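The next block holds one structure in the form of structure tokens; read it before the comments.
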There are 4 protein chains.
Amino acid sequence: MSSSTGRLFRLSTFGESHGGAVGVVLDGCPPRLALTEADIQPDLDRRRPGQSRLVTQRDEADQVQILSGTFEGRTLGTPIAMVVHNKDARPGAYADFADRFRPSHADYTTEAKYGIRNWQGGGRASARETIGRVAAGAVARKLLAEVAGIEVLAWVSQVHNIEATVDAEVVGLDAVEATPTRCPDPVAAEAMVSAIEAARSNGDSLGGVVTCVARSVPTGLGAPVFDKLEAELAAAMMSLPATKGFEIGSGFGGTRMTGLEHNDAFVAGSDGQPRTRTNHSGGIQGGISNGETITLRIGFKPTATITSEQDTVDRDGNEVTLAARGRHDPCVLPRAVPMVEAGVLNVLADHWLLQQATDVLKPLE
Amino acid sequence: MSSSTGRLFRLSTFGESHGGAVGVVLDGCPPRLALTEADIQPDLDRRRPGQSRLVTQRDEADQVQILSGTFEGRTLGTPIAMVVHNKDARPGAYADFADRFRPSHADYTTEAKYGIRNWQGGGRASARETIGRVAAGAVARKLLAEVAGIEVLAWVSQVHNIEATVDAEVVGLDAVEATPTRCPDPVAAEAMVSAIEAARSNGDSLGGVVTCVARSVPTGLGAPVFDKLEAELAAAMMSLPATKGFEIGSGFGGTRMTGLEHNDAFVAGSDGQPRTRTNHSGGIQGGISNGETITLRIGFKPTATITSEQDTVDRDGNEVTLAARGRHDPCVLPRAVPMVEAGVLNVLADHWLLQQATDVLKPLE
Amino acid sequence: MSSSTGRLFRLSTFGESHGGAVGVVLDGCPPRLALTEADIQPDLDRRRPGQSRLVTQRDEADQVQILSGTFEGRTLGTPIAMVVHNKDARPGAYADFADRFRPSHADYTTEAKYGIRNWQGGGRASARETIGRVAAGAVARKLLAEVAGIEVLAWVSQVHNIEATVDAEVVGLDAVEATPTRCPDPVAAEAMVSAIEAARSNGDSLGGVVTCVARSVPTGLGAPVFDKLEAELAAAMMSLPATKGFEIGSGFGGTRMTGLEHNDAFVAGSDGQPRTRTNHSGGIQGGISNGETITLRIGFKPTATITSEQDTVDRDGNEVTLAARGRHDPCVLPRAVPMVEAGVLNVLADHWLLQQATDVLKPLE
Amino acid sequence: MSSSTGRLFRLSTFGESHGGAVGVVLDGCPPRLALTEADIQPDLDRRRPGQSRLVTQRDEADQVQILSGTFEGRTLGTPIAMVVHNKDARPGAYADFADRFRPSHADYTTEAKYGIRNWQGGGRASARETIGRVAAGAVARKLLAEVAGIEVLAWVSQVHNIEATVDAEVVGLDAVEATPTRCPDPVAAEAMVSAIEAARSNGDSLGGVVTCVARSVPTGLGAPVFDKLEAELAAAMMSLPATKGFEIGSGFGGTRMTGLEHNDAFVAGSDGQPRTRTNHSGGIQGGISNGETITLRIGFKPTATITSEQDTVDRDGNEVTLAARGRHDPCVLPRAVPMVEAGVLNVLADHWLLQQATDVLKPLE
């Protein structure tokens, strides 16, 4: 029911895939941050359709417009409304979906929940909804860099059975952006391109894994119970379209280690602060950041909308078949990278602000 | 910062592991539900320490007391405060932890966040905090059974490298409760007992996986964006102590399938409603339940507190060693089962109530 | 910090008085409600500047555009984004305010809070912010009429020392809209016109009182503690610009009655349901509606921005004088009427939805 | 439905008047604040029954117990659960109310909303619910004094037709506590005592007005839209039992002034900061504190429960009469003073913390 998230850095997204516009109202961004559309557009460009032959060929410039909340290039502390108008909607391509439910898409469940559905696209279930999150994430990125030097970076680490080899501690944005797959391992990236193109030719689709790191996160962000940092990161990731799995640090692999193997021994850091010898914890212990790199893995299923013929039912319950037309991603992974980063950035911005309202009394002696 | 969760079925937990009491205030439970302590205690008994030789021997009856919100055996629609007083706290066993941070526990991060810590136990990071969630979950269980026939069941499906074979569609509570491991595969269960006892003897600990199903969930629960059902379930699971991974339906395995393999074809159900031929979606599509069984897997790391000697640092930054005394779980999995169920129940109760406030206008013709 | 209100019928407004646009994202409106711009515009027209010679002459058509959340003339259950672009902003008229704080306006406190301010108008403190609330209120009005027959009506009952005589039980919209003052007592209305015009000529301004009723409200809306219906109505009213006082039912006059005089005796209604002989309670008892007409009075101060010269200070702390130019309301009361109604409507819609999620179990026998 | 309030300084109260206990879970209080029961009890003692012959003679010590959230006399930053067990409940005195609705009390509306009611007392509508708010308010008082030197003081300024003369700028706690009426004007106080005792003798009750000031509030607390400081103060006050009206600053009197009379001219303060020559604004402009004393007036109706015979109906709709037995306040005003202070303190604590998360970037040059 609610399209909002966050407590202090709070975003409310709106817009259907084929409605008039999509966007976000971002409330709670601190005042006086330097901000213009030029800060937002690069992340939207990484997310937009048509940026390479690997993704949907829908032609959307996704040009963002800031409607409120800034003045003379700085944030006012008031809600920042950002909007992208839909241009290249072709509802005709969706006519077949008006009465036939795409398997594993949200057509049927949307109808079951609401009793009405904008069948001219995926509605709120479309990845176009994430435009608002990515726009807010770009603001979070700028804020976190300025106040805490935090850097968030994601990349494609697996497509179908192709796994990349990446050094998570040193990989940078340039390497990620060097290929259209956003996989910084050039050999794996090339294999991924071939696999994705083959899938498209076959009227099929592929899934995979995005890995994300957050570096230079200060200690003390998060909370011990429902708002554990990993809980909120998991919610942000599992609220992205097509996600099926989430791991922090050692993840499911950690379930096969013993305590002696898994525990991250503390050592004295160069500045006297505790550091850990290993990082199976993934930068978070008991819901709170410990100063090590936060490391996540997110599993995406293969895209549901494919051009092969599939069995399904129509709104009257008749068993029918369906083959999608329209312009769809044979593999969502390359475009998921900025969505993942945005989700992580928005959560961290919220927790960084919450900590400013927590650590307000003088230290104990 | 916030120890609350839920919008309509809302719980606020309180209490440190070694403070005076732990508990929960549950607000938003509908009025007129038959409810007494006898409805709550069974789930707490499944969660409590000392119930078998596999878990911590701390002796806590965990007897729940309802302080408010009921009258003559029925809910009033007002907040239900439920409290369990701590009895067998032995802070002396924690004296070593006052100045030395347990590796991979929350000692250090709690201190980093708050600048103060109740070192006489795990504070809010202790699994004792989950008493409040389990108590609320027992209320949710009763509510959901009455209004919608929903059944939630979890079990231990893996400990370390031992994997159980379980038919998720038919397994029942009796089979789960038949062994102290809460693994309904008797062969695997026996191997798990041996492995856990060996780990304890070695001063070590083990992790594993809990699988959870929710059956007979009506279609239409959930939401398309931030409040996707799988996002809120992920948050509930990843906010439990020691969790490192979450999967819905096909999970990470689904990333290695193609769209043609992964898509759940619709077929006409016996009542004319759409059903799916497979359930890789795990009962949720686009954040909304589709009427199939909801299926989750949650990965737990090995317990951090072990009796072997480990390297760590003290509050002054000196490198020291630490070997835990006290009564700790060599494997948290058996006790995690009711915690997982409670988390799922609380989320489903919230979404079921939300749907009552959504589907209020007459159907379109 | 937060520009959002409501739990289930939730609105987030955005926009500065002289920024690009103002608007609202309304989340939680039930699906399938018939809704187009034509349902929204009439309330905006009652609120807009330039509608009569009694109010500011800023020329804004305030034409609303629905960007999302509807399809083929019905709500989708998804966020409804509604936007009004600012047209006739004349920031030059505000140049004097860039460095000089208008007395009793929000210029100084905005600067104190945020350290930055869009001085080209009143920013978020401008009555233009209420466009979003009024747009959402129009949706609430349609919903409440359809599901419960609720009718909300407000009027100007006092301007300066001129008090109207109005029968609150029978007065209708036509009588309210019959004069530009929105005072349904024609004699008082004429005196108010004269007083307002005199104030304008003198470079001065006037305040007054708006009375509001909500009729046919079902019993049982509201809550007993923080969310008492009168508490949320008070917040909605006191969050409107220029409000200084709020009364429910007998109000401050009730403080001079005794219990025997003030108590509303119950009598059997014609349908067997309890009714009250008097309505000093104003339709709400213990925070919950009792089926009688809800009656509110809201006090508005005289407009702060006046054209007479006043003493003030500038941003450097120098004592200076200031006389406003620009187009300002000499009396905000006539335009406040739709704002008051919208605030009441939005609160009632939220509580009506909440009650649908409360009254879900079968009645006790 | 929700018994919670606040965003960062968040309280959730629980408990019926004649249930097992009443209390509060306070979440979000910053860590390291010195706090023991001795900081809470004095405000509860000012609120408790039986403290003078002017109020109900129910004998409750209202001894508070802190169950969690503190360690060695300091807050941990975790939820502070505070509980008071009910001792002197005499449900027999309420037997007449089981089937007959007290006029102007919440008996009927509670039944209309929930379909069930604890008739052994006022349930959640009882003033006993405010114990939790007052306990939280005592924590807020300590926090605000320490971080910002804020002082909140309330007193009885009117009972029935008796109005006190009080200099709001200088009156102190000692003068308020000098008489059992909590009216710091000795002459009026004596008249109030006589009037209250006469009302009690007559089986009647009286209402009145509480005035409250908040001194030394820093500039910049509050927000421009829904969370205006006066809006949240109004909600806190109108959520107290028996309140019918709320005024900030000039209140309804201000509606009879002109802009020239009402505007608070700015002058240069002794420290160079802007101050105002008058304070018709009541310390808040545009929802945000301006550094002047915040001034509120809250109107309370006469107590509904009186011993005179009154007309009412029973649960079957029959017209009957009712005369209360039991121990009731003939005038709630003296005990309302600490409730008012607590409501104001809790709102200010929340806004002070919010401001710490707002003002985080360096000032503009």
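Of all residues in the range C:301-327, those that are at positive phi have Cβ atoms under 6 Å from Cβ atoms of residues that are aliphatic (A, V, I, L, M), 6 or more apart or on another chain, in C:317/D:268; C:326/C:93.
You will find that of D:147, D:159, the residue that is at the interface with chain C (Cβ under 9 Å from one of its Cβ atoms), over 30 Å from residue C:356 (Cβ atoms) and in contact (Cβ under 8 Å) with a residue 60 or more places away in the chain is D:159 and no other. In the range C:1-40, the qualifying residues are those that are hydrophobic (A, V, I, L, M, F, W, C) and free of Cβ contacts under 8 Å to residues at least 40 places away in the same chain, and the one that is farthest from the other protein chains (Cβ to nearest Cβ) is C:38. Selection over the range C:241-284 of residues that are part of a strand (DSSP E or B) and more than 14 Å from residue D:245 (Cα to Cα) gives a count of 7. Entry remark, the range D:220-232: residues being in contact (Cβ under 8 Å) with a residue 40 or more places away in the chain, facing another protein chain (nearest Cβ under 7 Å), in a loop (DSSP other than H, G, I, E, B) and not small (Gly, Ala, Ser) number 4 in total. Could you tell me whether residue B:109 is within 14 Å of chain A (Cβ to nearest Cβ) and open to solvent by less than 10 Å² (accessible area, probe 1.4 Å)? For residue B:109, the condition - within 14 Å of chain A (Cβ to nearest Cβ) and open to solvent by less than 10 Å² (accessible area, probe 1.4 Å) - is met. Within the range B:103-136, the set of residues being among the charged types (D, E, K, R) and either free of Cβ contacts under 8 Å to residues at least 40 places away in the same chain or under 16 Å from residue B:87 (Cα atoms) (or both) comprises B:107, B:113, B:117, B:128, B:129. Among the criteria (1) within 20 Å of the chain's Cα centre (by Cα); (2) within 7 Å of chain A (Cβ to nearest Cβ); (3) not aliphatic (A, V, I, L, M); (4) not in a loop (DSSP other than H, G, I, E, B), the one residue B:302 does not fulfil is (4). Yes or no: the range B:270-279 includes at least one residue that is within 7 Å of another protein chain (Cβ to nearest Cβ) and touching a Ser or Thr at 6+ places or on another chain (Cβ under 6 Å). The answer is no; no qualifying residue exists. Examine the range C:321-329 for a residue that is touching a helix residue (DSSP H, G or I) at 6+ places or on another chain (Cβ under 8 Å), at the interface with chain D (Cβ under 7 Å from one of its Cβ atoms) and among the basic types (Lys, Arg), and state whether such a residue exists. Checked the range C:321-329: no residue is touching a helix residue (DSSP H, G or I) at 6+ places or on another chain (Cβ under 8 Å), at the interface with chain D (Cβ under 7 Å from one of its Cβ atoms) and among the basic types (Lys, Arg).
Consider the range A:144-177 and keep the residues that are open to solvent by less than 80 Å² (accessible area, probe 1.4 Å) and assigned to a loop (DSSP other than H, G, I, E, B). The one that is farthest from residue A:49 (Cα to Cα) is A:149.
Entry remark, the range C:41-74: residues being of a type in the set (Val, Ile, Thr), touching a residue at least 60 places away in the same chain (Cβ under 8 Å) and surrounded by 21 or more Cβ atoms within 10 Å (Cβ to Cβ) number 2 in total.
For every residue, the table says whether it meets (1) at pLDDT 95 or above; (2) under 19 Å from the mean Cα position of the chain (by Cα).
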| site | (1), (2) |
| --- | --- |
| B:286 | yes, no |
| B:296 | yes, yes |
| B:307 | no, no |
| B:317 | no, no |
| B:330 | no, yes |
| B:350 | yes, yes |
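Taken over the range B:233-260, the criterion of being at the interface with chain A (Cβ under 7 Å from one of its Cβ atoms) and over 24 Å from residue A:284 (Cα atoms) is satisfied by B:249, B:250, B:254, B:255, B:256, B:257, B:258, B:259, B:260. Residue D:297 satisfies every condition listed in (1) open to solvent by 10 Å² or more (accessible area, probe 1.4 Å); (2) in contact (Cβ under 8 Å) with a residue 40 or more places away in the chain; (3) in a loop (DSSP other than H, G, I, E, B); (4) not hydroxyl-bearing (Ser, Thr, Tyr) except (3).
Here is the figure for the range D:115-143: residues that are of a type in the set (A, V, I, L, M, F, W, C), within 21 Å of residue D:90 (Cβ to Cβ) and in a helix (DSSP H, G or I) total 3.
Here is a yes/no grid of residues against (1) surrounded by fewer than 18 Cβ atoms within 10 Å (Cβ to Cβ); (2) more than 30 Å from residue D:359 (Cα to Cα); (3) at pLDDT 95 or above:
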{"residue": "C:2", "(1), (2), (3)": "yes, no, no"}
{"residue": "C:10", "(1), (2), (3)": "no, no, yes"}
{"residue": "C:17", "(1), (2), (3)": "no, no, no"}
{"residue": "C:28", "(1), (2), (3)": "no, yes, yes"}
{"residue": "C:31", "(1), (2), (3)": "no, yes, yes"}
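Filtered by the rule that a residue be surrounded by fewer than 24 Cβ atoms within 10 Å (Cβ to Cβ) and within 19 Å of residue D:197 (Cβ to Cβ), the range D:306-324 gives D:307, D:308, D:324. Does residue B:38 meet the test of being outside any loop (DSSP other than H, G, I, E, B) and open to solvent by 10 Å² or more (accessible area, probe 1.4 Å)? The answer is yes for residue B:38. Residue count for the range B:205-219, restricted to those that are in a loop (DSSP other than H, G, I, E, B) and crowded, with 23+ Cβ neighbours inside 10 Å: 3. Note on the range D:91-106: among residues that are within 14 Å of chain C (Cβ to nearest Cβ) and open to solvent by less than 50 Å² (accessible area, probe 1.4 Å), the one that is nearest to residue C:221 (Cα to Cα) is D:106. Does residue B:343 fit the bill of being within 8 Å of chain A (Cβ to nearest Cβ), outside any loop (DSSP other than H, G, I, E, B) and touching a helix residue (DSSP H, G or I) at 6+ places or on another chain (Cβ under 6 Å)? When the stated conditions are applied, residue B:343 does not pass them. For residue D:82, the conditions (1) closer than 16 Å to residue D:15 by Cα; (2) surrounded by fewer than 23 Cβ atoms within 10 Å (Cβ to Cβ) are fulfilled apart from (2). Would you pick out the residues in the range A:192-204 that are more than 7 Å from chain B (Cβ to nearest Cβ) and open to solvent by 10 Å² or more (accessible area, probe 1.4 Å)? A:193, A:194, A:195, A:197, A:198, A:200, A:201, A:202, listed by residue number.
Checking residue A:199 against (1) assigned to a loop (DSSP other than H, G, I, E, B); (2) touching a residue at least 60 places away in the same chain (Cβ under 8 Å), which single condition isn't satisfied? In the conditions (1) assigned to a loop (DSSP other than H, G, I, E, B); (2) touching a residue at least 60 places away in the same chain (Cβ under 8 Å), residue A:199 misses (1) alone. Across the range B:228-277, the number of residues qualifying as open to solvent by 10 Å² or more (accessible area, probe 1.4 Å), under 18 Å from residue A:106 (Cα atoms), in contact with a Lys or Arg (Cβ under 9 Å, 6 or more places away or on another chain) and of a type in the set (A, V, I, L, M, F, W, C) comes to 3.
The values are calculated or read from the model by the stated rules, or taken from the named source; none is laboratory data. Model, not experiment: these values are computed from the prediction. Glycine also receives a Cβ, built like all others from the backbone with ideal geometry; neighbour counts cover every protein chain displayed. These accessible areas exclude ligands, DNA and RNA; they are computed on the full protein's heavy atoms, side chains included. Shrake-Rupley method; radii C 1.70, N 1.55, O 1.52, S 1.80 Å.
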